[in-house]
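For reference, the structure discussed in these notes is given below.
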């Protein structure tokens, strides 16, 4: 189907209030940002309070927040991170993604697409289901694996156990994106599990820990591509990467842009960096320390951007 023009930033997000929360033993082996903790009532209650604070901060800044309750049955410890199983696009496409951990596959809730239609008037024109790739061991965890330049249709991705080259190719073919893949490691030389920990692409800026791309030629090629996009490149240190400063998200709100991030990420930035980001949007920060520590993800991971069109669905 034809591809619609798409803005870089969404004015609405989908969020999942976690019914259960704790570290996921199944994902600890590839997510070095995660610290083990039991999924007990105290940890879950803290995560729920942090979720509510972030949703409230975004709403007060003018972002439309579509919040859904988590699943009350069997524990789904990572359900607070819906961007890993779902992405929503301006041409009415919804993509469902193949997840590495079996426990995370329970997070997928296609019925939420119906809720977006019925309750909020969005159009879903087609569903691209990449989940059969799980049977081949080829994973692609949504906009965790993919950092999208939606306006120029480029998908940036660091290859990892959760981001398979062939799955990247399937996404590129289905959504008409150019794939720019590379390898990246943390300060201890370990493969970075998700690209959105490393970098974020806004309308007029890119925040990236360039030194995580250890191969000099590959790093230069990527930085050249980012600079050619016309954006200011804001370089992050490894300490800032580990504080989730790369895991931020630019959004639209009331004819302006906001940049959502955690208080830990904001505190890690120096004045030059905060001034640079401030040129491109209001910084909206929330304390999500429990979610960061035990979930291994930050603000961007908690937000599935809603780029879907609104209005009656077209005849197929």
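Worth a mention:
- The condition (being in contact with a helix residue (DSSP H, G or I) (Cβ under 7 Å, 6 or more places away or on another chain) and more than 19 Å from residue 15 (Cβ to Cβ)) is satisfied by just one residue among 147, 124: 147.
A quick yes/no check of all residues on (1) at pLDDT 95 or above; (2) more than 27 Å from residue 121 (Cα to Cα); (3) touching a strand residue (DSSP E or B) at 6+ places or on another chain (Cβ under 7 Å):
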| position | (1), (2), (3) |
| --- | --- |
| 275 | yes, yes, no |
| 278 | yes, yes, no |
| 282 | yes, yes, yes |
| 293 | no, yes, no |
| 302 | yes, no, yes |
| 311 | no, no, no |
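- Boolean, residue 187 is part of a loop (DSSP other than H, G, I, E, B) and at negative phi: yes
- Residue, modelled with the highest pLDDT, within segment 132-163, restricted to residues that are surrounded by fewer than 17 Cβ atoms within 10 Å (Cβ to Cβ) and in contact with a strand residue (DSSP E or B) (Cβ under 8 Å, 6 or more places away or on another chain): 153
- Residue 230, sole failed condition from (1) outside any helix (DSSP H, G or I); (2) in contact with a strand residue (DSSP E or B) (Cβ under 9 Å, 6 or more places away or on another chain); (3) surrounded by fewer than 22 Cβ atoms within 10 Å (Cβ to Cβ); (4) without any contact (Cβ under 8 Å) to a residue 60 or more places away in the chain: (2)
- Odd one out for residue 194 among (1) without any contact (Cβ under 8 Å) to a residue 60 or more places away in the chain; (2) surrounded by 15 or more Cβ atoms within 10 Å (Cβ to Cβ): (1)
- Only one of the listed residues (141, 134) is touching a residue at least 24 places away in the same chain (Cβ under 8 Å), over 16 Å from the mean Cα position of the chain (by Cα) and within 21 Å of residue 297 (Cβ to Cβ). That residue is 134.
- Condition check for residue 59: within 24 Å of residue 263 (Cβ to Cβ), modelled with pLDDT under 95 and more than 17 Å from the chain's Cα centre (by Cα): no
The values are calculated or read from the model by the stated rules, or taken from the named source; none is laboratory data. Computed from a prediction, not measured in an experiment: that's the story for all the values here. Quick reminder, even Gly has a Cβ in these numbers, built from the backbone with ideal geometry, and neighbours come from all protein chains shown.
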